[in-house]
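Rule-based calculations on the coordinates, nothing more; no lab input. Keep in mind that what you see is a predicted model, and the values were worked out from it rather than measured. So basically every Cβ, Gly included, is an ideal-geometry build from the backbone, and we count neighbours across all protein chains shown.
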Amino acid sequence: MMVSSRDLWQVMRERLSTLFSEEAQRSLFFTRMEGHFASLVDLLSSLYGERPDFVEQLERICVTTAQAFIERPLALHMLDASRDERWFQSERVVGGVCYVDLYAGNLAGIRARIPYFEELGLTYLHLMPLFRMPVPFNDGGYAVSSFREVRPELGTMEELAELATELRAHGISLVLDFVMNHTSDEHEWALRAKAGDTVYQGYYWMFPDETMPRRYSQTLREIFPEHAPGSFTYVAEAQRWVWTTFHPYQWDLNYANPALFNAMLGEMLFLANQGVEVLRLDAVPFIWKQLGTNCENLPQAHELIAAFNVLMRVAAPATVFKAEAIVHPDEIAKYIGRECEISYNPLLMVLLWEALATTETRLLQYSMKKRFAIPANAAWVNYVRSHDDIGWGFANEDCAEIGIDAWGHRNFLNDFYTGRFGGSFANGLPFGYNPQTNDMRICGTTASLAGLEQALHRGDTVAIGLAIQRILAIMGVIFAAGGIPLLYLGDEVGTLNDYGYQHDSSKSYDNRWVHRPFANEETLKQRHDAASVAGRIFGPIQHMIALRKANAIFAATWPTYWLDSGNGHLALFMRQMGQEAIYVAANFSAQSQMLDMRRFATNMRMTDMLSETMYESDQPMMLPPYGLVWLRC
Ligand code: OTU
């Protein structure tokens, strides 16, 4: 760039100054902006610096940011000022996620559930897409028709903002998706593009004929090969081809266009100003395209998110980003820190299921030892299930390094979780089978994948007990490992697969609906009955959450060390805070297993926080089938 960022800042300062009517506001904004300006200019010029109108574009982006700052409600400015910038690392942060309609009917229903969230101990509530969306096909809401309107059946934007305030009063942070890769084909921008408006056609990737789509397609991956093959869709109204990575009605946005960047910045900051404290950035790997590449995880995708993040620090610093990048673990790691403060940890998730299927923890321990550490200013979001399918996204290199054939292993896991493998306890469904690559993913709720559905069906009390232990073992890992544990709501009471979606033509083609059931009031009511299946899951989960929140050692600030237990059926890691340590061990086999703590401690007294049992480190410990301990030294 020809002009220094210092000179540019002087120019911007003058232009922005007129926007402010209050001196205190202006000076706070300028202080923040000045602190971030050099990195902002760096990031934006790496994306748009070649354009002759770069300075003008930069100015528009700064104006959008300033306007959002000015419009930000006072209570949120106060939150910005008072909040520890690493609040999400606290041991007190425990998450839950649900669909508003399925879980509680509407926003009022969610509000009515606040006492339940408090009973469980949640401080982070992710409501899945609740914006206006096309009907009946909308990819579970991940096709957004307006970022500023709530789906009418669920409530209004005013209600959502009120809900955010009320949740916050109860110590719960509202988390929403920011579906930034695409809009629905009913979004106003898409409608205008369809009508031939070239300004809005420039918001998307539109082509006059199939030449370019064909060329791009040569190196693209198909995300939904069965029900939405290909990555481009012909739009008859506009006589154009449009890029659609996911479904034909989800149009990919063109971030190579700074006007689109600015428009999406406005939508993002609008949501932050409604009181959303975490924005889950959906499908981030796909936001930048370049011919001849797979158009995933390109360097510019990183620069884009980093630029958005800088602007968020200026306008609404209480809000942080969560990365949704379900890709190779090396690529996931790159989104954490500068781009996003928190990120899903799909590697831990899939390896927990891998360990349950194999009864062995070799790969889990190996990959976690290698990959669990992330920058000190970030945190993982650890989970066992989400609303999406499970894809076996572990690293082939990790497998090779310990002598596992990754391809054969994935086939085994797919067979195991779809019940094709003899003796499998799981009731899962296949998802996204691609005959060209033989790739496949898995659907099913935590409980059904862990064996509860099958056990209940057979009325086998031993098997029911084992299934419950499996659920608690993997939950025990995510509640204790460093980061934010995230519960898919319903899992805490052992919700089973719901096959009802097969009779709904708007859902039947997508097996992910099997693990997106309606909340079951009857099951929820049983949660305090320690003899019921729901109670046998709910009680221990609630207990783990309470223990976690009462012990600072569980904060993501403190390191997690994955250790070699000497027993291939055990997962083992240590959390350390100064002189204090907690060893977490989980048995992934249906047989009792010995844990020899002499490898780590001699002559030490340890207490299992979960059962309040005392152990001597010199005595070998027997962990029952799928047993779990949190040993405090
Ligand atoms: C996300 O998932 C959402 O979680 C899905 O529910 C949506 O369908 C999708 O985006 C489109 O909005 O492919 O199988 O690495 O793997 O973004 C799930 C990114 C998905 C993708 C991920 C995507």
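Mind checking the dipole of the range 330-466: about its Cα centre, +1 per Lys or Arg Cβ, -1 per Asp or Glu Cβ, Debye to the nearest 20?
Values: 11 positive and 16 negative charges, 40 e Å.
The calculation lands at about 200 debye.
What number, rounded to the nearest 500 deg cm²/dmol, is the helix-based mean residue ellipticity at 222 nm of the chain, given -39500 (n - 2.57) per DSSP H run of at least four residues and division by all its residues?
Values: 23 runs with 248 residues, N = 633.
Here the helix-only value at 222 nm equals -12000 deg cm²/dmol.
How about the range 20-52: which GluC sites (Glu not before Pro) there lie in a loop by DSSP and see at most 10 other Cβ atoms within 10 Å?
Numbers: sites: 22, 23, 34, 50; in loops: 22, 50.
Passing both the DSSP loop test and the Cβ count: 22, 50.
Using modelled backbone amide H atoms (1.01 Å from N, in-plane), which distant-in-sequence or interchain residues come within less than 5 Å of residue 623's amide H?
593, 594, 595
Of all beta bridges DSSP finds with both residues in the chain, what is the antiparallel percent, to the nearest 5?
Working: 43 of 71 bridges.
Around 60 percent antiparallel, to the nearest 5.
Could you work out the local net charge near residue 167, counting Lys and Arg as +1, Asp and Glu as -1, over the other residues with Cβ closer than 13 Å to its Cβ?
Working: positive: 111, 113, 168; negative: 118, 159, 162, 166, 277.
Net charge around residue 167: -2.
When only Cα pairs under 8 Å and 6 or more residues apart are kept, what is the percent relative contact order across the range 4-87?
Computed over the range 4-87, the figure is 38 percent.
Of all GluC sites (Glu not before Pro) in the range 51-108, which ones are in loop regions per DSSP and have a Cβ with at most 14 other Cβ atoms within 10 Å?
85
Mind checking which helices in the chain clear 15 Å along their axis (Cα) and have mean Kyte-Doolittle hydropathy of 1.0 or more, DSSP H runs only?
Details: long enough: 5-17 (17 Å, -0.98); 23-48 (33 Å, 0.20); 54-71 (26 Å, 0.53); 157-169 (18 Å, -0.04); 258-273 (22 Å, 1.09); 299-315 (24 Å, 0.74); 346-358 (18 Å, 1.69); 406-417 (16 Å, -0.80); 461-480 (28 Å, 2.04); 533-550 (26 Å, 0.53).
Qualifying helices: 258-273, 346-358, 461-480.
May I ask you to derive the relative contact order of the chain, considering only C-alpha pairs under 8 Å and at least 6 residues apart, and to give it as an integer percent? Kindly include the intermediate steps, with their values, before the conclusion.
Details: 1218 pairs, mean separation 76.6, N = 633.
Worked out over the chain, it gives 12 percent.
Which GluC sites (Glu not before Pro) from the range 163-210 combine a DSSP loop assignment with at most 16 other Cβ atoms within 10 Å? Provide the component values of the computation, followed by the final result.
Details: sites: 166, 186, 188, 210; in loops: 186, 210.
Sites meeting the loop and neighbour criteria: 210.
Report, in debye and to the nearest 20, how large the dipole of the chain comes out about its Cα centre when Lys and Arg carry +1 and Asp and Glu carry -1 on their Cβ. Walk me through the numbers on the way to the answer.
On the way: 52 positive and 73 negative charges, 183 e Å.
For the chain, the charge dipole is close to 880 debye.
Give the separation of the Cα centroids, the range 69-132 to the range 369-389, in Å.
Using only Cα atoms, the two centres lie 20 Å from each other.
Net charge near residue 152, counting Lys/Arg +1 and Asp/Glu -1 over other residues with Cβ under 12 Å of its Cβ? Show your work: numbers first, answer last.
Numbers: positive: 132, 151; negative: 101, 149, 153, 159.
With Lys, Arg at +1 and Asp, Glu at -1, the neighbours total -2.
Sort largest first and round to whole Å: the equivalent ellipsoid semi-axes of the chain, each the square root of five times a Cα gyration tensor eigenvalue.
Whole-Å semi-axes of the equivalent ellipsoid: 41, 29, 24.
Under a Cβ-Cβ cut-off of 10 Å, what is the net charge of the residues other than residue 182 that fall near it, where Lys and Arg count +1 and Asp and Glu count -1?
Working: positive: none; negative: 139, 185, 252, 282.
The answer is -4.
Quick one: Debye curve from the alpha-carbon atoms of the range 364-407 only, equal weights, vacuum; give me log10 I(q)/I(0) at q = 0.15, 0.18, 0.21, 0.29 Å⁻¹ to two decimals.
Taken in order of the listed q values, log10 I(q)/I(0) reads -0.52, -0.72, -0.90, -1.09.
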